Amino acid sequence: MSEGPDFQADELLHRLVAAGVRFVVIGGLAAQAHGSPSLTADLDIVPSWDRENLRRVADVLGDVAAIRHGVAPGSPPLPPLDERTLHAGAVFTLTTRFGRLDLLASPDPGLDFERLAAGARTGEVDGVRVAIASLDDLIEMKRAAGRPKDRVELEILGALREEIDRLPADSDRGREPR
C-alpha cells in the first residue's frame, strides 16, 4: 500500500515555474541532473525567502493541496501555509497531491537562495527548465548533512566531480546539467 500520492516532480515544477516562483532545485533531483543514478521520491527546493516570492509559493501550495508531512490526524490545527507562516519558518516538509515537496530557507548555513542561485546552472528536471544547484554546492550540502544516505550520495557526487575535472577545459560536460 502506498504511503501517499505518486511523486510527479514535473507537475510540481510546472506549477512553481508558471507562478513565477524563484527557486533552486537541490537534493536528489539536482544530483540526478548532474548524472547521479540515485533515485528520489521528493522535490527539494530553496526558494527565495522574500515575502513576494513566498506569497507565490503559498499560492502554489494551495493549488497542490499541500499539507505538512507527518501531522497526525486529530492534531491541533497548524497555521495556514501562507506567506507569513512560510517567512517565519525555515524548513517545510510537505505532502501534496503530486507527492513530497520540501522547502528549505537555507539547507546549510550560508547556502541560502542567493548563494545557491549564484552558482546554479539552468537545466532540465523532468522536462522543466529550472535552476539547479551546482555540483559543488550539492557536495557541500551532503557533507554538512552527514546522514548515512548523504554519505553514500557524497561518494557518487565526488566521483562525478572527479570525472568532470578530468574532461578537457573546452568540454561542455559539467557546465550545465543534462
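The values are calculated or read from the model by the stated rules, or taken from the named source; none is laboratory data. Not measured: the values here are computed from a predicted model. Glycine also receives a Cβ, built like all others from the backbone with ideal geometry; neighbour counts cover every protein chain displayed.
In the stretch 153-167, what residues are under 16 Å from residue 38 (Cβ atoms) and either surrounded by 12 or more Cβ atoms within 10 Å (Cβ to Cβ) or in contact (Cβ under 8 Å) with a residue 12 or more places away in the chain (or both)?
Those that are under 16 Å from residue 38 (Cβ atoms) and either surrounded by 12 or more Cβ atoms within 10 Å (Cβ to Cβ) or in contact (Cβ under 8 Å) with a residue 12 or more places away in the chain (or both): 153, 154, 156, 157, 158, 159, 160, 161, 163.
Go through 94, 43 for me and flag whichever is out of contact with any Ser or Thr (no Cβ under 8 Å at 6 or more places or on another chain), crowded, with 17+ Cβ neighbours inside 10 Å and over 15 Å from residue 25 (Cβ atoms).
Answer to the check: 94.
Is it the case that the stretch 135-158 has a residue that's in a loop (DSSP other than H, G, I, E, B), in contact with a helix residue (DSSP H, G or I) (Cβ under 7 Å, 6 or more places away or on another chain) and either at pLDDT below 95 or not acidic (Asp, Glu) (or both)?
Scanning the stretch 135-158 turns up no residue that is in a loop (DSSP other than H, G, I, E, B), in contact with a helix residue (DSSP H, G or I) (Cβ under 7 Å, 6 or more places away or on another chain) and either at pLDDT below 95 or not acidic (Asp, Glu) (or both).
Run down 37, 5, 73 and say which single residue is free of Cβ contacts under 8 Å to residues at least 60 places away in the same chain and either assigned to a loop (DSSP other than H, G, I, E, B) or over 25 Å from residue 152 (Cα atoms) (or both).
When all the criteria are applied, what remains is 73.
Suppose the filter is within 27 Å of residue 64 (Cβ to Cβ), without any contact (Cβ under 8 Å) to a residue 24 or more places away in the chain and touching a helix residue (DSSP H, G or I) at 6+ places or on another chain (Cβ under 7 Å); does residue 108 pass it?
no
Could you tell me whether any residue of the stretch 7-22 is polar (S, T, N, Q), modelled with pLDDT of 95 or more and under 25 Å from residue 144 (Cα atoms)?
No, the stretch 7-22 contains no residue that is polar (S, T, N, Q), modelled with pLDDT of 95 or more and under 25 Å from residue 144 (Cα atoms).
For the stretch 34-55, give me each residue that is under 12 Å from the mean Cα position of the chain (by Cα) and not hydroxyl-bearing (Ser, Thr, Tyr).
Listed by number, the residues that qualify are 41, 42, 43, 44, 45, 46, 47.
Which condition number in (1) assigned to a helix (DSSP H, G or I); (2) loosely packed, with under 14 Cβ neighbours inside 10 Å; (3) under 15 Å from the mean Cα position of the chain (by Cα) is the one that residue 122 fails?
Of everything listed in (1) assigned to a helix (DSSP H, G or I); (2) loosely packed, with under 14 Cβ neighbours inside 10 Å; (3) under 15 Å from the mean Cα position of the chain (by Cα), residue 122 misses just condition (1).
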